[in-house]
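Colleague: Let me begin by handing over the structure; questions about it come next.
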Amino acid sequence: MPIVTTTEMFEKAYKGGYAIGAFNVNNMEIVQGITEAAAEVNSPLILQVSAGARKYAKHVYLTKLVEAAVADTGLPIALHLDHGADFEICKSCVDGGFTSVMIDGSSRSFEDNIAVTHQVVEYAHDHGVVVEGELGRLEGVEDDVVVSAEDSSYTRPEDVQEFVERTGVDSLAIAIGTSHGAYKFKPGTKPQLRFDILEEVARRLPGFPIVLHGASSVIPKYVDIINANGGKLVDAIGVPEDMLRKAASMAVCKINIDSDLRLAMTAGIRQHFNEHPEHFDPRQYLTVGRDYIRELVKDKIVNVLGSDGKA
């Protein structure tokens, strides 16, 4: 089975009231942990690559790792560019074997966002690749994407139909209260997602797949393990999983998860070094990190996304 697009995945997810996990990958162990978990519960997957991941691991290594994952598991897996900054980056990924790309024009004016998104859509569709666009801006930090609280903004439902019609995008990322990074919300506050915006977007775009970025839950278990083994993560609050489950039952067909993966792997490695300070073989501590990734992803698929058994 080759790497697939997200088209069929999203059609089934929308009708079935569940979401597909889009997990950021940076190295072999992360790819293995994610795909082993998905194979255990028979779930489709989106493996996505950020600009930072391409700089760190190189494009060719990441595409070959995903190809290996498909060969190893037989699962339907899409390879997606996360937060493509411009046409050139998206074109490079389309030409380099990606089956899905995101063009993030959310920092531009509405008209400029439409223009660059349409340009990417035309090129990608000519090459059999699907495109995700974005309206609204999420607060937080993810690699090269940095948005302050002052510059963040919710998606305006009255804009979505025009944006989709004029660009031809295949899915749309919206801002309803999620945030990039582990430090999403101030201590003592209760995170809230604007389901009223999601409902209105779904009403205006019936059957159209919606995407949530910045949807890590910052699971206390992994934060506690890190802190118990020399870490200094304080006041890390994520998106409650019950809110993500609700979003997945609505129009949201793709939920992005990155920070939780980083926390899980770091927790495993820190705990291993604390328990075995004499170890220096990377295979020993990376195995533990990979196991923590597998545990996390399996729980997300079964208890949050609802995509188990849907491959």
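The values are calculated or read from the model by the stated rules, or taken from the named source; none is laboratory data. As the structure is a computational prediction, the values presented were derived from the model and not from experiment. Glycine gets a Cβ as well: all are built from the backbone with ideal geometry, and neighbour counts include every protein chain shown. Only protein heavy atoms, including side chains, enter the accessible area calculation; ligands, DNA and RNA are left aside. Shrake-Rupley method; radii C 1.70, N 1.55, O 1.52, S 1.80 Å.
Colleague: Restricting to region 7-40, name every residue that is under 16 Å from ASP299 (Cβ atoms) and surrounded by fewer than 17 Cβ atoms within 10 Å (Cβ to Cβ).
Modeller: GLU40
Colleague: Any residue that is in a helix (DSSP H, G or I), open to solvent by 50 Å² or more (accessible area, probe 1.4 Å), of a type outside the set (S, T, N, Q) and within 20 Å of GLN32 (Cα to Cα) - is there at least one of those in region 301-309?
Modeller: yes
Colleague: Then there is this: What number goes with the only condition from (1) among the acidic types (Asp, Glu); (2) without any contact (Cβ under 8 Å) to a residue 60 or more places away in the chain; (3) open to solvent by less than 60 Å² (accessible area, probe 1.4 Å) that GLU241 does not pass?
Modeller: Result: GLU241 passes all but (2).
Colleague: A further question on this structure: Determine which single condition THR266 fails, assuming it passes every other condition in (1) over 14 Å from the mean Cα position of the chain (by Cα); (2) crowded, with 23+ Cβ neighbours inside 10 Å.
Modeller: Every listed condition holds for THR266 apart from (2).
Colleague: Let me ask something else. Going by the structure shown, is LEU212 open to solvent by less than 20 Å² (accessible area, probe 1.4 Å) and of a type outside the set (D, E, K, R)? Give the steps one after another, and end with the answer.
Modeller: Details: open to solvent by less than 20 Å² (accessible area, probe 1.4 Å): yes; of a type outside the set (D, E, K, R): yes.
Judged against the criteria, LEU212 is a match.
Colleague: Failed condition for SER179, given (1) surrounded by fewer than 24 Cβ atoms within 10 Å (Cβ to Cβ); (2) at pLDDT below 95; (3) touching a strand residue (DSSP E or B) at 6+ places or on another chain (Cβ under 8 Å); (4) small (Gly, Ala, Ser), with all others met?
Modeller: (1)
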